[in-house]
Amino acid sequence: MIKVTVIGGGNVAYHLTKNLLDNKFVKVVQVYNRNIEKIQYLEGKTLITDSLINLKEAAIYIISVSDKAVADVSSKLRLKNKLVVHTSGSIAMRDLKSDANKGVFYLLQSFSKKRELNFSTIPICIEAERKSDLKLLETLAKSISKSVYHVDSKQRKNLHIAAVFVNNFANHLYTIGSEICEENNISFKILQPLIEETAKKIADLHPLKAQTGPAKRSDTDTIEKHIIRLTNNQQEIYKLLTKSISKTYDKKL
């Protein structure tokens, strides 16, 4: 059984702690958060604390806080010869400012507290300074997910950028789509089968081959009709994406 301490109380920490508490191969020794009220719901399930100097003995200490807080939190840990990892996609392993052994345990998924997730499908990207620690992280990751990858800091930063495009930017486009629907008294639900099919399609086709629409086929008449119906901000985004798609397929509009 792997003894784990979770440091943090945000969305990722919430879901990870919940999963680990139900994991028969793991014992959650303790959970830390600077605002103990946010982790009060864990009382009776594991130990909780708001003091970094009172952390109990564990095999792995998982720092799951905001990116800007990782260095500060890790610098306050006195865990020499212990394994300390962070869960960030955008910062390097060396950004852990601790005399402990360093590693990364990055869960590549979007987390919201009110939405349940199937952890067995979530890719987990791991990295460690020492081979023995990497093996330990791999054992922990495989007890959670079927998709475990060895990804170094440089790869992970680029992977995080790719994730922003396919998740954050795509979701923002859903927001714009929903605004257009609402402004015209149309239910956004009408678009959901299209959204689902697009996501399913790229499981079988490379995104380059899955692209459709007026920008790919250089349908300037349709594009111009769309643009005049949009707000200034929507026009700017529409034109930028249309230009990018057109350039990708070597067509001039």
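A few notes on this one:
- Considered as a group, the residues in the stretch 25-51 that are among the basic types (Lys, Arg) and modelled with pLDDT under 95 include one that is surrounded by the fewest Cβ atoms within 10 Å (Cβ to Cβ), and that residue is Arg34.
- When we screen Arg130, Arg115 for residues that are over 30 Å from Lys80 (Cβ atoms), assigned by TED's automatic domain parsing to the domain that holds Asp22 and of a type in the set (Lys, Arg), the only hit is Arg115.
- Within the option set Phe165, Phe188, Phe169, being loosely packed, with under 10 Cβ neighbours inside 10 Å, in the same structural domain as Asn232 (by TED's automatic domain parsing), aromatic (Phe, Trp, Tyr) and on the phi < 0 side of the Ramachandran plot holds for one residue only, Phe165.
- Any hit, the stretch 100-107, residues being at pLDDT below 95 and farther than 15 Å from Leu20 by Cβ: yes
- Restricting attention to the stretch 200-253, the residues that are of a type in the set (A, V, I, L, M, F, W, C), in contact (Cβ under 8 Å) with a residue 40 or more places away in the chain and more than 17 Å from Leu173 (Cα to Cα) add up to 1.
- Test: residue in the stretch 144-159 that is in contact with an Asp or Glu (Cβ under 7 Å, 6 or more places away or on another chain), in a strand (DSSP E or B), among the charged types (D, E, K, R) and more than 30 Å from Thr242 (Cα to Cα): no
- Residue match in the stretch 50-67 (condition: more than 18 Å from Ala13 (Cα to Cα) and among the hydroxyl-bearing types (Ser, Thr, Tyr)): no
- Selection count where residues are outside any helix (DSSP H, G or I) and of a type in the set (Ser, Thr, Tyr), scope the stretch 216-253: 3
- Scanning the stretch 211-240 for residues that are touching a helix residue (DSSP H, G or I) at 6+ places or on another chain (Cβ under 8 Å) and surrounded by 13 or more Cβ atoms within 10 Å (Cβ to Cβ) yields a count of 14.
- Contact map, the stretch 41-65: residues that are outside the structural domain of Ala100 (by TED's automatic domain parsing) paired with residues that are of a type outside the set (Asp, Glu) and buried (at least 19 other Cβ atoms within 10 Å of the Cβ), Cβ distance under 7 Å, separation 6+ or inter-chain. No pairs are found.
- In the set (1) among the charged types (D, E, K, R); (2) buried (at least 22 other Cβ atoms within 10 Å of the Cβ); (3) more than 23 Å from the chain's Cα centre (by Cα), Lys102 fails one condition alone, (3).
- Among all residues of the stretch 132-144, there is at least one that is farther than 22 Å from Tyr14 by Cα, at pLDDT 95 or above, crowded, with 20+ Cβ neighbours inside 10 Å and among the charged types (D, E, K, R).
- Elements of type strands (runs of 3 or more DSSP E) contained in the stretch 2-84, each with 1 or more residues being closer than 21 Å to Ser145 by Cα: 2-7, 26-32, 60-63
- Residue in the stretch 99-109 that is in contact with a Lys or Arg (Cβ under 9 Å, 6 or more places away or on another chain), among the charged types (D, E, K, R) and either in the same structural domain as Tyr32 (by TED's automatic domain parsing) or over 22 Å from Lys142 (Cβ atoms) (or both) present: yes
- Of the residues making up the stretch 107-130, just one is assigned to a strand (DSSP E or B) and farther than 19 Å from Ala59 by Cβ, namely Cys125.
- Residues (of a type in the set (Val, Ile, Thr) and assigned to a loop (DSSP other than H, G, I, E, B)) located in the stretch 85-100: Thr87, Ile91
The values are calculated or read from the model by the stated rules, or taken from the named source; none is laboratory data. Since the model is a prediction, treat every value here as computed from it, not as a measurement. Positions of Cβ are generated from backbone atoms using ideal geometry, with glycine treated the same way; all protein chains shown enter the neighbour counts.
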